[in-house]
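The values are calculated or read from the model by the stated rules, or taken from the named source; none is laboratory data. The structure displayed is predicted, hence computed values, not measured ones. Neighbour counts are summed over all protein chains in view; Cβ atoms, including those assigned to glycine, are modelled from backbone coordinates with ideal geometry.
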Amino acid sequence: MNPNASDQLLVESCLEGSQGAWNRLVDQVIGVVHFAVMETGWSLGLKPQPEEVEKILSEIFTELLRLDGAALREYQGQSKLSTYLAMLARKIAWSEWKKKGAVLHGGEMGAALAGEVDIRETGA
């Protein structure tokens with residue numbers, strides 16, 4: 001059995017419109033997603049402010065629902081849902097801070113966030 005089957009079922013329930021499933025998803029991943037946003041800010045040499053972080057978190061969860069849940073539909077259960085959403089969160093956070101003129105310090109995370117490295121599920 002797929003070790004991430006419960007994550008897949010949760011995503012499927014969210015895509016079917018279950019408010020309870022959406023609440024469970026948010027509760028399950030909010031800590032990891034929040035840390036990913038903070039970590040991305042720190043990697044850019046920023047001191048993320050609470051209001052900026054809240055705006056980015058809102059953008060991340062909105063992105064999950066945009067285009068009929070396209071970002072959620074891409075999740076195939078090859079990694080933990082939290083891993084998949086953390087990578088999505090880093091990419092969105094980097095993009096949001098880049099819009100504000102933040103300069104990336106480089107490294108593998110920077111390359112991945114810039115789209116130079118494939119950040120799709122890795123089986124982690």
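Regarding Ser13, is this residue surrounded by 12 or more Cβ atoms within 10 Å (Cβ to Cβ), at pLDDT 90 or above and in a helix (DSSP H, G or I)? Yes: the conditions hold for Ser13.
Among the residues of the range 22-54 satisfying the criterion of being part of a helix (DSSP H, G or I) and either more than 17 Å from the chain's Cα centre (by Cα) or basic (Lys, Arg) (or both), which is surrounded by the most Cβ atoms within 10 Å (Cβ to Cβ)? Checking each candidate, the answer is Arg24.
Checking the range 12-35 against the condition returns no match, with no residue being more than 15 Å from Leu85 (Cβ to Cβ) and of a type in the set (A, V, I, L, M, F, W, C).
Within the bounds of the range 55-74, is there any residue that is small (Gly, Ala, Ser) and either touching a residue at least 40 places away in the same chain (Cβ under 8 Å) or over 27 Å from Lys98 (Cβ atoms) (or both)? Yes, the conditions are met somewhere in the range 55-74. Looking at Ala86, is it at pLDDT 90 or above and crowded, with 17+ Cβ neighbours inside 10 Å? Taking the combined requirement at face value, the residue satisfies it. Close contacts from the range 16-30, counting a first residue that is under 12 Å from Leu64 (Cβ atoms) and a second that is among the basic types (Lys, Arg), with Cβ to Cβ under 7 Å and a gap of 6+ residues or different chains, come to none at all.
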